[in-house]
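Values in this text are rule-based calculations from the coordinates and carry no lab data. Computed from a prediction, not measured in an experiment: that's the story for all the values here. Because the Cβ atoms are built from the backbone with ideal geometry, glycine has one as well, and the counts that use them run over all protein chains shown.
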Amino acid sequence: MHTMWKGSISFGLVNIPIKMFAATEEKDVRFRYLHKECMSPIKYQKVCPVCDKEIKDEEIVRGYEYEPSHFIIVDENELNSLKSEVNGRNIEILDFVNLSEIDPIYFEKTYYLSPQENGGKAYSLLEKAMLDTGKIAIARITIRNKQSLACLRVSNEILVMETIFYPDEVRPVSQVPGLPEKVEINEKELDIATKLIESLTASFEPEKYKDNYREALNELINKKIAGKEIEVSKVVPQRNVIDLMEALQASLKESQKKGVATKKSGKKTAKSDKEKKTATV
């Protein structure tokens, strides 16, 4: 696993040297654009539309558009002076809070933290203290010149850090258009909706959830690499159910069918296992 950042957790007067690793990775299939005639990858050039010519890197400056077509220039020296003020190799703990107080909407990206040499004892001390108190830490960190808020918590016996959005980066719900005003809920519809939720309630097992589109896309790519013919499947039209009660009843019925099928499958597996054990004896 590649180390992407090294620094220290600043905990009061204690500094805990740590290494940071990305805890997640995207598995999206990525395409490149090609020239249809010769199949060469397309190269994009930096072109000025006014001067109608390609621009070299040394001719490019950073500008901030404060009004349409109105810019101010910010040079490298000005940016570097700001970076020196916020840069550091510390995860500075600011507060300890309860995890339940943080709305998941604030979470951005997750990282694993491990101790550097000679940092194991202090690392384990912080981990144990956070477990015993049931608290998580709110901290400040600078990654790639960007200062972020973060929370530190214990997961699977290691320290995990999640960068979190600042409050002004989370859009208020008042900006969401088309939210329904207070409506009267039919008791029968509510009862069926509750039963539907109960019938679909299960323990969270992330392994059972698959990216069906990505799997189908990888299968398509592998077939094309192998030179196999591609069969385009027909798209099954969705039922346009307008009546809410009808939709709820149909959903509940479908859920109950799946539940019965799962139970039967489980019984068959258990019976098969029993027969195998008997045969072995």
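Tabulated data for the structure shown
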{"read-out": "Candidates Ile136, Ile72, Ile105: whichever shows maximal mean-square fluctuation once the chain is modelled as a Gaussian network with Cα springs under 10 Å", "value": "Ile72"}
{"read-out": "Whether the range 93-233 is rounded, prolate or oblate, judged on the alpha carbon gyration tensor where a/c under 1.5 counts as rounded", "value": "oblate"}
{"read-out": "Residue exposure sequence - Ile192, Ile221, Ile42 - by fewest surrounding Cβ within 10 Å", "value": "Ile42, Ile221, Ile192"}
{"read-out": "Computed log₁₀ I(q)/I(0) - Debye formula, equal Cα scatterers, no solvent, the range 110-162, q 0.27 Å⁻¹", "value": "-1.12"}
{"read-out": "Cubic angstrom per residue, convex hull over Cα atoms of the chain", "value": "358"}
{"read-out": "Principal-axis tilt of helix 76-86 within the chain, Cα atoms, nearest 10 degrees", "value": "60"}
{"read-out": "Cα-based shape type of the range 1-90, given that a ≥ b ≥ c are square roots of the gyration tensor eigenvalues and the cut on a/c is 1.5", "value": "oblate"}
{"read-out": "Residue of Lys257, Lys19, Lys27 that the Gaussian network model of the chain assigns the largest fluctuation, springs spanning Cα pairs under 10 Å", "value": "Lys257"}
{"read-out": "Helix-only mean residue ellipticity at 222 nm for the chain, each DSSP H run of n ≥ 4 adding -39500 (n - 2.57), per residue, nearest 500", "value": "-11000 deg cm²/dmol"}
{"read-out": "Residues Cys51, Cys38, Cys151, sorted so that the one with the fewest Cβ neighbours within 10 Å comes first", "value": "Cys38, Cys51, Cys151"}
{"read-out": "Order of Glu59, Glu187 under a 10 Å beta carbon neighbour criterion, fewest first", "value": "Glu187, Glu59"}
{"read-out": "Estimated vicinal HN-Hα couplings, Hz - the range 94-101 in sequence order (Karplus 6.51, -1.76, 1.60; Gly, Pro = x)", "value": "9, 8, 10, 9, 8, 4, 5, 7"}
{"read-out": "Relative contact order (%) - the range 18-136, alpha-carbon pairs under 8 angstrom, separation at least six", "value": "35"}
{"read-out": "Length-normalised contact order of the chain in % [C-alpha pairs under 8 Å, at least 6 apart]", "value": "15"}
{"read-out": "Amide H within-cut-off set for Gln116, under 5 Å, with H built and near neighbours excluded", "value": "Ile18, Lys19"}
{"read-out": "Cysteines without a disulfide-compatible partner [the chain; Cβ-Cβ under 4.7 Å]", "value": "Cys38, Cys151"}
{"read-out": "Karplus-derived 3J(HN,Hα), 6.51/-1.76/1.60, for each residue of the range 210-226, Hz, glycine and proline x", "value": "10, 8, 4, 5, 5, 5, 5, 5, 5, 5, 4, 4, 5, 5, 5, 5, 7"}
{"read-out": "For Lys109, residues with placed amide H under 5 Å, excluding near neighbours", "value": "Thr163"}
{"read-out": "Cα centroid of the range 1-58 to Cα centroid of the range 121-177, whole Å", "value": "24"}
